[in-house]
1. Testing residue 198 on (1) at pLDDT 90 or above; (2) under 21 Å from residue 90 (Cβ atoms); (3) of a type in the set (A, V, I, L, M, F, W, C); (4) assigned to a loop (DSSP other than H, G, I, E, B), one condition comes back false. Which one is that?
2. Under 6 Å between Cβ atoms, at least 6 apart or on separate chains: pull out the pairs that start in region 27-52 with a residue that is among the hydroxyl-bearing types (Ser, Thr, Tyr) and end on any residue that is part of a helix (DSSP H, G or I).
3. Can you tell me which residue within region 1-26, out of those that are among the aromatic types (Phe, Trp, Tyr) and at pLDDT 95 or above, is nearest to residue 147 (Cα to Cα)?
4. Which helices (runs of 4 or more DSSP H) sit wholly inside region 114-194 and have at least 2 residues that are over 19 Å from the mean Cα position of the chain (by Cα), over 16 Å from residue 20 (Cβ atoms) and at pLDDT 95 or above?
5. Give region 52-64 a look and list any residue that's outside any loop (DSSP other than H, G, I, E, B) and more than 16 Å from residue 121 (Cβ to Cβ), or say none.
6. How many of the residues making up region 102-118 are within 24 Å of residue 60 (Cβ to Cβ) and surrounded by 22 or more Cβ atoms within 10 Å (Cβ to Cβ)?
7. For residue 96, are the conditions met, namely being surrounded by fewer than 18 Cβ atoms within 10 Å (Cβ to Cβ) and at pLDDT 90 or above?
8. Select from region 68-85 the residues that are in a strand (DSSP E or B) and over 13 Å from the mean Cα position of the chain (by Cα) and list them in ascending order.
Amino acid sequence: MIAEIHHKVFSNLEDELTGNFFGIMRYIPFQRGLKQIYMKYIHSLDESVHGLIRSIQTNDFDIEFWKRSELGYGEIDAYMELDGVGIGIEVKYQSGLSGENQLEREVSMLSEWCKSEEKILILVAVESDAREIYQRNYRKECFADVHLAYITWQDILSGLDEIKTVNQFEDLMVEDLKGLLREKGFMSFEGFRDNGLIIDGGAFYDFG
């Protein structure tokens, strides 16, 4: 990661980006870190999503990377359980979904691992891709039991400013992540923005 920040190498690997970003974020308590980003920038027409994230009070959490289903559904980029909420994370960077049913398979994974917990599937992608993928999928029947949401890499870069760091080590971690995401080109134009919220289904462009 440091080599990429300093223009020594460039990587377009999704797994590397997943590990770099979420691998560092797990060292910052959830309340001051990911929760701050999710609460301000996550997008969903499902009104339950923000309430579920708000309800999480724990600070300690672990992330399982590339957790694999024992029932043959495949693997998901990252998975965490916090206060009875199971969160699956699917990361996209310079690629689309690996098949039209990828998110449906990940819903099955969450149902496999979370027997009683509430479940959220969060798609992380660049802005245009995230919206299009969400639009194509959020009405599917499988999302009656699993809450679908998305967050863009551009918003994550902005959201890093929301993190309440308490020491120089956390400051350094956050600054390194900002440097990495800027190097990836995830800056966004902020001239016309309504907090990134989707008001209703008609707010989407129909990609046909």
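The values are calculated or read from the model by the stated rules, or taken from the named source; none is laboratory data. None of these values were measured; they are calculated from a predicted model. Here Cβ is always computed from backbone atoms with ideal geometry, including for glycine, and neighbour counts include all displayed protein chains.
1. Failed condition: (1).
2. Matching pairs, first to second residue: 38/53; 41/155; 41/159.
3. At the first step, the residues of region 1-26 found to be among the aromatic types (Phe, Trp, Tyr) are 10, 21-22.
Remaining after also requiring at pLDDT 95 or above: 21-22.
Numbers: 21: 23, 22: 21 Å.
So, considering only residues that are among the aromatic types (Phe, Trp, Tyr) and at pLDDT 95 or above, the one nearest to residue 147 (Cα to Cα) is 22.
4. Working: elements: 127-137, 153-159, 168-183.
Output list reads 168-183.
5. Here is the first cut: in region 52-64, the ones outside any loop (DSSP other than H, G, I, E, B) are 52-55, 64.
The answer is 54, 55.
6. 2
7. Working: surrounded by fewer than 18 Cβ atoms within 10 Å (Cβ to Cβ): yes; at pLDDT 90 or above: no.
So residue 96 does not fit the description; no.
8. Kept after step one, since they are in a strand (DSSP E or B), are these residues of region 68-85: 68, 75-82, 85.
Listed by number, the residues that qualify are 68, 75, 81, 82, 85.
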